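First the structure, in the form of structure tokens, and then the observations on it.
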There are 2 protein chains.
Amino acid sequence: MQLLKNKVMQEGIVLSDNVLKVDSFLNHQMDPVLMKEVGREFSRRFSHEPITKILTIESSGIAPAIMTALELEVPMIFARKHKSLTLRDHILVEKVYSFTKQETNEITVSKKFLSSDDHVLIIDDFLANGEAAFGLARIVEQIGAKVAGIGIVIEKSFQPGGRLLQEAGYQVESLVRIAALDNGCVTFAEEVIS
Amino acid sequence: MQLLKNKVMQEGIVLSDNVLKVDSFLNHQMDPVLMKEVGREFSRRFSHEPITKILTIESSGIAPAIMTALELEVPMIFARKHKSLTLRDHILVEKVYSFTKQETNEITVSKKFLSSDDHVLIIDDFLANGEAAFGLARIVEQIGAKVAGIGIVIEKSFQPGGRLLQEAGYQVESLVRIAALDNGCVTFAEEVIS
């Protein structure tokens, strides 16, 4: 997605060889017009799927997810992150390890918003090791629903998440794929036109 | 806002005399078409203000805030919540007490996304005691920017937040005002047509 690539080139800050800071348009400050285009692009890429729900995780996934939901006219659900839970009635729970924060969180979705008939499109802002996306997929599958696909705004394709998700059989669509972050520079992966 | 009132009547669950659960369309699952209408209504109510930024707080404020930002074509910023921070460089910090959780969080916004020229519209999903809204307003004022107004999706007007914010001189626009939650029933406050 060229618009997003331009934004990464203009405003992305390479902090280390695996950290790209995009807090001016995606993680802290958000560009609403760009988010609308992101939603439109996800809706186009998954137009062959009978999607009934969008699922994301708080907080940076919410804006791209609600724009995709608006485009597809289906409800959006955001999973909550908790340190650990005592009350587990009526909720779907999965553990998710964060390599960045080096901690395990529990993510939860209320059982009443997913059913076995659902075709769920998972949306997230970043894909690195795939922990969050796999956690969301397990939530969907716990209730017997189908993962219709996984839409990612920015994939760091030099980390294994994208490959692992595809090997597990999921359709992964990343709007921008970053092949390397070296010497303060972003190298994009070759684009596969779908 | 009648559409939102209908949704509260159809799907809101009164859990106690001060807790209304709206997790089917606002706090966990979100209705994107309703969120778009919410954004349109906030934009209408503050159309007299030269708004340059939208500010909200993670997580439930993000969807109504991004839709308002889209309508006004200005950037949206969401404040982060933290237990407590050690590194305080380059960020604006305020303490916010949550009566629901009975804990104090620090909320932060990066200094680089607000300047003294900004006219900031604060958006949040709920207004009860006003702690979050006051915290966001103090963030804006710390940097010398102007609070253009405060837009709330659901105000519990039997709690003091709305009155306190107005007494402090802010224009508060709540799309739905709830006067009481008694015996499992929602009583709406009289609507003031603006």
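We did not get these values from a lab; they are worked out from the coordinates using the rules stated. Fair warning: this is a prediction, and the values are worked out from it, not measured in the lab. Here the Cβ is made from the backbone with ideal geometry for all residues, glycine too, and neighbour counts use every protein chain on show.
Can you tell me how many residues in segment B:94-132 are among the hydrophobic types (A, V, I, L, M, F, W, C), within 23 Å of A:Val22 (Cα to Cα) and away from chain A (no Cβ under 14 Å)? The number of residues fulfilling the criteria is 1. Among the conditions (1) over 16 Å from B:His28 (Cα atoms); (2) among the polar types (S, T, N, Q); (3) in contact with a Ser or Thr (Cβ under 7 Å, 6 or more places away or on another chain), A:Gln29 misses just one, which is (3).
Inspection of segment B:83-91 identifies no residue that is more than 13 Å from chain A (Cβ to nearest Cβ), more than 25 Å from A:Phe25 (Cα to Cα), acidic (Asp, Glu) and more than 18 Å from the chain's Cα centre (by Cα). Within segment B:176-191, the set of residues being touching a helix residue (DSSP H, G or I) at 6+ places or on another chain (Cβ under 9 Å) and surrounded by 16 or more Cβ atoms within 10 Å (Cβ to Cβ) comprises B:Val176, B:Arg177, B:Ile178, B:Val186. Which residues, counting only those in segment A:15-27, are among the hydrophobic types (A, V, I, L, M, F, W, C), over 20 Å from B:Ala79 (Cβ atoms) and either in contact with a Phe, Trp or Tyr (Cβ under 9 Å, 6 or more places away or on another chain) or buried (at least 18 other Cβ atoms within 10 Å of the Cβ) (or both)? Within segment A:15-27, just A:Leu20 meets the criteria. Scanning segment A:24-38 for residues that are assigned to a loop (DSSP other than H, G, I, E, B), under 17 Å from A:Asn6 (Cβ atoms) and not aromatic (Phe, Trp, Tyr) yields a total of 3. Restricting A:Glu49, A:Glu41 to residues that are touching a residue at least 60 places away in the same chain (Cβ under 8 Å), assigned to a helix (DSSP H, G or I), surrounded by fewer than 23 Cβ atoms within 10 Å (Cβ to Cβ) and of a type in the set (Asp, Glu) narrows the list to A:Glu41. Any idea which residue in segment B:45-73 is nearest to the chain's Cα centre (by Cα), counting only those that are among the β-branched types (Val, Ile, Thr) and facing chain A (nearest Cβ under 8 Å)? Taking the candidates together, the pick is B:Ile62. Within segment A:16-44, take every residue that is within 13 Å of chain B (Cβ to nearest Cβ) and charged (D, E, K, R) and give me the one that is nearest to A:Val147 (Cα to Cα). Among them, the one singled out is A:Arg40. Specify the residue that is farthest from A:Asp31 (Cα to Cα); the eligible residues are those in segment B:70-82 that are in a strand (DSSP E or B) and of a type in the set (A, V, I, L, M, F, W, C). So, considering only residues that are in a strand (DSSP E or B) and of a type in the set (A, V, I, L, M, F, W, C), the one farthest from A:Asp31 (Cα to Cα) is B:Ala79. Of all residues in segment B:109-130, those that are surrounded by 21 or more Cβ atoms within 10 Å (Cβ to Cβ) and within 25 Å of B:His28 (Cβ to Cβ) total 10.
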